[in-house]
Amino acid sequence: MAEEKDQNDGEKGEEEGEASEGGGNKKLIIIIAVVLLLLVGGAAGAYFMGLLDPLLGGDETPEESEGIAEKYTGDPVFFELEEILVNLNASGGKTVFLKLKLSLELEKPSDKEKIQKTLPKVIDGFQIYLRELRVDDLEGAAGLYRLREELMRRLTSTTAPLVIKNVLFREMLIQ
């Protein structure tokens, strides 16, 4: 019987050794997977943040890459939009009008002809947005800033390949 206990103890010891060895393998695999995940995530983050552009050749200057036109460095180029007059979304049955005169700051003079072609779409997008505004939306500097940002967003989506630098308010009247 003593011999049987020794054999059973020996078998249990072997099983425990194998079990602990299997647990060690699992831990090693998990550690390797976490390290690989961190490396891949770090590389993806660096790529999307633009840190890998020098290594991948993404930092070429216009002189180095062929087919890219020279950048315009002259005086600023402005395009004046026609006057926009809309009635605002007012409560209480009152009619409130908004009159806007805007100028667009363009990247280069040749963009004037291109913006002229998309002008009906630009005005339409502005009209739709402006008619939903309330007088409260336009109060203060923050209201004007939000208005400028929204007009810029709509403008850049409508005139996609063109670069519009800024939307400038020449006149704004709420009556």
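A few points about this structure:
- Efficiency of FRET from Cβ geometry, residue 43 and residue 168, R₀ 45 Å, rounded to 0.05: 0.60
- Amide proton proximity set for residue 88, modelled H, under 5 Å, gap of 5+: 96, 97, 98
- Gain in span if fully extended, residue 72 to residue 87, counting 0.36 nm per residue against the direct Cα distance: 1.5 nm
- Lysines with Cα under 18 Å of residue 121, excluding same-chain neighbours fewer than 8 positions away: 101, 112
- Karplus-based coupling profile of region 40-55, in residue order and whole Hz: 5, x, x, 5, 5, x, 5, 5, 6, 7, x, 6, 9, 4, x, 6, with θ = phi - 60° in 6.51 cos²θ - 1.76 cosθ + 1.60 and x standing for Gly or Pro.
- Residue separation of residue 34 and residue 160 scaled by 0.36 nm, minus their Cα-Cα distance, works out to 41.2 nm of gained length.
Rule-based calculations on the coordinates, nothing more; no lab input. Keep in mind the model is a prediction, meaning the values are calculated, not measured. Methodologically, a virtual Cβ is constructed for each residue, glycine included, from the backbone with ideal geometry; neighbour enumeration extends over all protein chains shown.
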